[in-house]
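Input: a single structure, listed below in structure tokens.
The values are calculated or read from the model by the stated rules, or taken from the named source; none is laboratory data. Please read these numbers as outputs of a predicted model, since none were measured by experiment. Backbone-built Cβ (ideal geometry, glycine too); neighbour counts: all protein chains shown.
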Amino acid sequence: MTETIERVMVVTAHPDDPEFGAGGAIARLVRDGCPVTYVIVTNGNKGSGDRTMTPERLTLIRREEQQNAARELGVERVEFLGYEDGEVEDTRQLRLDVTRQIRRWRPDLIITQHPDRTFRNFFGWHRDHRITGAAVLDCVYPLARDHLAFPELLSEDEPHRVREVHLIQWEQPDLVIDITDTMDLKLKAITRHASQVADFETVEARVRRRAAALGELKGCAYAEGFDRVVLPG
């Protein structure tokens, strides 16, 4: 996977999405020498069942949790766009902000969420996930590539052509990545999201079941799945 990939960007809607969706693959990429940048679209300030929690306090908690989780996987750079949790819309501003990150960090590969909804894993397809995934694809082509798109960004960085995109996919993925050697790192990173993981044993069992089911497709113990989009040269 890393033969032609030198830089990777992971763009997700919420803190904890990178680890749950692609933590094993991210750990593999870092281990293989690829610098990885996270771009987190929302501040995650709605994800709590604690009636005493405030959005302001939760924003700070989830920011710190995401930074700690990223470090567990070897990711040192985390960019937060600060959009309101649960209210992501596919706006010009969102596309400009994501395009800016792509041009700044110049990834060969982007890992992001899937824009299509299915119903066998209903809770995996949060609207913020789907809108983020669709916006990222629009930024990859044509917005980050074309110099006439967002001319106000030309004073910051040159346009950039992304080589491929991996869309997180739990059902019949066309790319299955063996994460057997990095499964424990994925789980350790997930534990850093303490505000979201009240019962880690239950969460761990669910994560292992899903990864094991994907692993069967590749003949390994654990795997993560993606739909792979290769951009023409």
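What to note about this one:
- In the set (1) surrounded by fewer than 18 Cβ atoms within 10 Å (Cβ to Cβ); (2) touching a Pro at 6+ places or on another chain (Cβ under 7 Å); (3) part of a loop (DSSP other than H, G, I, E, B), the condition left unmet by Ala134 is number (3).
- Whenever a residue of region 98-118 is surrounded by fewer than 20 Cβ atoms within 10 Å (Cβ to Cβ), its partners that are at pLDDT below 95 and among the aliphatic types (A, V, I, L, M), lying with C-beta atoms within less than 7 angstrom and at least six residues away or across chains, give the pairs Asp108/Ile5.
- Filtered residue count, region 197-233, keeping only those that are within 25 Å of Glu164 (Cβ to Cβ), in contact with a helix residue (DSSP H, G or I) (Cβ under 7 Å, 6 or more places away or on another chain) and aromatic (Phe, Trp, Tyr): 1
- For region 138-233, no strands (runs of 3 or more DSSP E) sit wholly inside it while including 2 or more residues that are hydroxyl-bearing (Ser, Thr, Tyr).
- Subset of region 10-44 (residues that are assigned to a loop (DSSP other than H, G, I, E, B) and surrounded by 22 or more Cβ atoms within 10 Å (Cβ to Cβ)): Ala13, His14, Pro15, Asp16, Asn43, Gly44
- Residue check, Ala194 of a type in the set (Gly, Ala, Ser), surrounded by fewer than 16 Cβ atoms within 10 Å (Cβ to Cβ) and more than 30 Å from Leu60 (Cα to Cα): no
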